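Engineer: Got a structure for you, questions after.
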Amino acid sequence: MAGFKVVEGRSNRKYTDEEAVAEAAKNAGYRDIYKQSLITITEMEKLMGKPKFNEILGGLVMKPPGKPTLVPVSDKRPEMNTSSAKNDFMEV
């Protein structure tokens, strides 16, 4: 489609292992990390501060790829590789 491209859409960060996050935060001396469930990543980051958050929990947070989204070519996000497996294995 002329004037448009497919880019990676927005996604939200997720804990990879909530139990490990809770243990790491407790071991670091943080106690106010629960509501009914573990506090959100944004709240945890505000509680610890970005550098401490990254040091303590950086390896326990993942950011999955966003869903494909159609946007104008002027959008700043890089274009996604949309080739299919069939195209990847075709001889040139």
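Engineer: Anything in segment 28-39 that is free of Cβ contacts under 8 Å to residues at least 12 places away in the same chain and either surrounded by 14 or more Cβ atoms within 10 Å (Cβ to Cβ) or touching a strand residue (DSSP E or B) at 6+ places or on another chain (Cβ under 7 Å) (or both)? List them, or say none.
Structural biologist: The one that is free of Cβ contacts under 8 Å to residues at least 12 places away in the same chain and either surrounded by 14 or more Cβ atoms within 10 Å (Cβ to Cβ) or touching a strand residue (DSSP E or B) at 6+ places or on another chain (Cβ under 7 Å) (or both): I39.
Engineer: With the chain as the region, which helices (runs of 4 or more DSSP H) entirely inside it contain at least 3 residues that are modelled with pLDDT under 90?
Structural biologist: Of the helices (runs of 4 or more DSSP H) lying wholly inside the chain, those with at least 3 residues that are modelled with pLDDT under 90 span 85-88.
The values are calculated or read from the model by the stated rules, or taken from the named source; none is laboratory data. Just so it is clear, the model here is predicted, and its values are computed rather than measured. Backbone-built Cβ (ideal geometry, glycine too); neighbour counts: all protein chains shown.
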